[in-house]
Each structure stands twice: as C-alpha cells, then as structure tokens.
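Okay, structure first, notes after.
The values are calculated or read from the model by the stated rules, or taken from the named source; none is laboratory data. Here the structure is a predicted model, which is why all the values come from computation and not from measurement. Here Cβ is always computed from backbone atoms with ideal geometry, including for glycine, and neighbour counts include all displayed protein chains. The protein model used for the area step is the full one, side chains on, heavy atoms only, and it has no ligands, DNA or RNA in it. Shrake-Rupley method; radii C 1.70, N 1.55, O 1.52, S 1.80 Å.
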Amino acid sequence: MTEPVELDFSIPSVARMYDYYLGGKDHFAADRAAAEQVLRAFPDTRTMARENRAFLGRAVRHMRRAGVEQFLDLGTGLPAAGNVHEVAGEGSRVVYVDNDPVVAVHGRALLENTGAILLQKDVRKPDSVLAEAADLLDFGTPVGVLFVAILHFIGDEDGAHGIVARFRDRMAPGSYLAITHGTWEEAREDDGVDVYKRTNAPISVRTRAEILRFFDGFELVEPGLVDVAHWRPERPAATDRRLWLTAGVGRRL
Ligand SMILES: C[S@@+](CC[C@H](N)C(=O)[O-])C[C@H]1O[C@@H](n2cnc3c(N)ncnc32)[C@H](O)[C@@H]1O
C-alpha cells in the first residue's frame, strides 16, 4: 500500500542527495545544490557513501552465512550497486521500505519479477510496516533488519529508539540488526548538518553511546561498533581519515 506524499522537487530529498554522492542519475537541481553544500563542508561525503554501501553488502553476506534468508531493508534508497536482493541472492526474501516516492517508482521498476517487494511507507510507523512486511516475511524465524544510513533521519522527537525496539520485539532469536549512523564524539551541529535542515528529513547526529542503545537486546558481533570502513573490511580503506559514520551488526538474543 502507498502512503500519499506531496511531491515538491524544490525541497532536497535525502535519497536523491545520497544518489548524487554515489554518482547516480536520479536527482534534481535542489538535491544537487544541497549535496554540493554538504560536500564543501565534508569533502569525504562521497567516500563515506561508498563505504556505507560496501558495509551494507558485507553485513548482508555475514547474515546470509549465518543462515538468514529473509531481509527487511528500512530506508532502501534509490537502486544502486549491490542492492540487498542481489547480494542476498537466490532463495532469499527481501522487503524494501522507503517513504520517498521517487525511490518507490525506481525500486518497483527494478524489482519486477524478482520476488522482492518495495513498500512506500514511513519507518516511523513501525506497526504498519511490520504488518505489511509479514505478507512476505516470517517473523517466527530469523530475519535480517537493516537500518543503514536511515536512523539519523529519525529524531528523538519521533522516538527513534522506541521505533527500533518495536522491530526488535518482532525479531526471532538469531535474527540480525545492522545499523550505520552519523555520529560525533560529542553531539554537536555544524554546516553540513545545517544543510540537511532544509531537506525532507533533517539529520540528528548521535553520540556513540546513543547509537549503542539501538542494540539493546542484541549481542554485537565482532568488531563491535566502529567507523564504517573498519567493519570487517574486505579491501584496504579508501582513506585513513575518520568518516564519522558508525557501523555495527547485532545478533538478537
Ligand atoms: C542515505 S539513504 C540510505 C540508502 C540505503 N539504506 C543505503 O545505505 O545505501 C536514506 C534513505 O532513507 C529514507 N528515509 C528517510 N527517512 C525515512 C522514513 N522515515 N521512512 C522511510 N524511509 C526513510 C530516505 O528516503 C532514503 O532513501
């Protein structure tokens, strides 16, 4: 089911800005202008986006090796290299969820005849997402739930920790949770964050301790909560600099 959303292409969309960082083609003038402003404040943003995408692949492969066959990808983004159903491969079931209507259109076109589905829904309404996802996913058996580069778009005023807990409570033991999240050592604001205030999803950067709390009820797998490029890297990191995007994978207890 699709939730009605007003389309206003003068408001930068975080999905299309991310597509721009990754070198995709699905963005408009307002998205590009905002993304360029972020790139001026954080020149490593493109590297961060690519490393985030690479983490997504490593996390899904880790879950697959642990026997997980079904995935719920929350905040899917525009199709890009290494979409979850492609990484998870044959025999997997994948439900994608994103509230951006442009993501929904592109995603559905890509997913035709794949068995994977995309729900145009808001993750801030977890019960509604879970109810529809249950058409394809069996929450009585392990599931991989992915909150990759989305939770910093969900504020404390929306109850971000409570939302993750709603998903956790439906996840069978042996399920996995993957998170990447923008962070600072200390919560603070700056120019890059300011740009996001004008987008369709303002950013809430969180401290490491606040991010760790999303894993309540999970056991973090090695190497724990680390800078995104350092989570089980499969090739040398693109930069030695910190990317300020924290990543972790937890196993449901
Ligand atoms: C930075 S992109 C990340 C895409 C993908 N997960 C990845 O890491 O490659 C964030 C995505 O989250 C989506 N998003 C943000 N807030 C959302 C919400 N409340 N409900 C559903 N999707 C949301 C955006 O539309 C965007 O596509």
Collect the residues in the range 160-219 that are more than 16 Å from the ligand (Cβ to nearest atom), open to solvent by less than 20 Å² (accessible area, probe 1.4 Å) and modelled with pLDDT under 95, keeping them in residue-number order.
184
A careful count of residues in the range 231-243 that are under 24 Å from residue 160 (Cβ atoms) and open to solvent by 80 Å² or more (accessible area, probe 1.4 Å) gives 1
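Here's a check for you: in the range 108-121, which residue that is in a helix (DSSP H, G or I) and among the aliphatic types (A, V, I, L, M) is surrounded by the fewest Cβ atoms within 10 Å (Cβ to Cβ)? Even if it seems obvious, please write down each step before you answer.
Initial filter on the range 108-121 (in a helix (DSSP H, G or I)): 108-111.
Restricting the remaining residues to those that are among the aliphatic types (A, V, I, L, M) gives 109-111.
Working: 109: 10, 110: 16, 111: 17.
The extreme case among them is 109.
Residues in the range 68-91: is at least one closer than 21 Å to residue 14 by Cβ and acidic (Asp, Glu)?
Taking the range 68-91 as the starting set, the residues that turn out to be closer than 21 Å to residue 14 by Cβ are 72-84.
From the residues that got through so far, the ones that are acidic (Asp, Glu) too are 73.
Checked the range 68-91: at least one residue is closer than 21 Å to residue 14 by Cβ and acidic (Asp, Glu).
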For the range 157-170, does any single residue satisfy the condition of being in contact with a strand residue (DSSP E or B) (Cβ under 9 Å, 6 or more places away or on another chain) and within 18 Å of residue 60 (Cβ to Cβ)?
yes
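Counting only residues that are small (Gly, Ala, Ser) and buried (at least 20 other Cβ atoms within 10 Å of the Cβ), which one in the range 55-94 is farthest from the ligand (Cβ to nearest atom)?
Our first condition is that a residue be small (Gly, Ala, Ser); within the range 55-94, this holds for 57, 59, 66-67, 75, 77, 80-82, 88-89, 91-92.
From the residues that got through so far, the ones that are buried (at least 20 other Cβ atoms within 10 Å of the Cβ) too are 59, 75, 77, 88, 92.
On the way: 59: 10, 75: 3, 77: 3, 88: 14, 92: 17 Å.
That would be 92.
Kindly provide the set of residues from the range 129-158 that are part of a helix (DSSP H, G or I), away from the ligand (no atom under 11 Å from the Cβ) and over 20 Å from residue 83 (Cβ atoms), ordered by number.
Taking the range 129-158 and keeping what is part of a helix (DSSP H, G or I), we get 129-133, 151-153, 156-158.
Subset that is away from the ligand (no atom under 11 Å from the Cβ): 130-133, 156-157.
130, 131, 156, 157, listed by residue number.
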When the range 139-153 is examined, which residues are found to be open to solvent by 10 Å² or more (accessible area, probe 1.4 Å) and either over 12 Å from residue 76 (Cα atoms) or among the small types (Gly, Ala, Ser) (or both)?
139, 140, 141, 142, 149, 152, 153
Counting only strands (runs of 3 or more DSSP E) entirely within the range 163-253, those with at least 1 residues that are touching a Pro at 6+ places or on another chain (Cβ under 9 Å) are 176-182, 245-252
Conditions (1) within 10 Å of the ligand (Cβ to nearest atom); (2) open to solvent by 50 Å² or more (accessible area, probe 1.4 Å); (3) among the β-branched types (Val, Ile, Thr) -> residue 103 fails only (2)
Can you tell me which residues in the range 58-107 are without any contact (Cβ under 8 Å) to a residue 24 or more places away in the chain and part of a helix (DSSP H, G or I)?
65, 86, 105
Out of 114, 141, report the one residue that is within 22 Å of residue 251 (Cα to Cα) and among the polar types (S, T, N, Q).
141
Here the qualifying pairs (Cβ atoms under 8 Å; residues six or more apart or on different chains; first in the range 146-158 and in contact (Cβ under 8 Å) with a residue 24 or more places away in the chain; second polar (S, T, N, Q) and surrounded by fewer than 24 Cβ atoms within 10 Å (Cβ to Cβ)) come out as 148/52; 149/52; 152/204; 153/204; 154/204; 155/204; 156/204
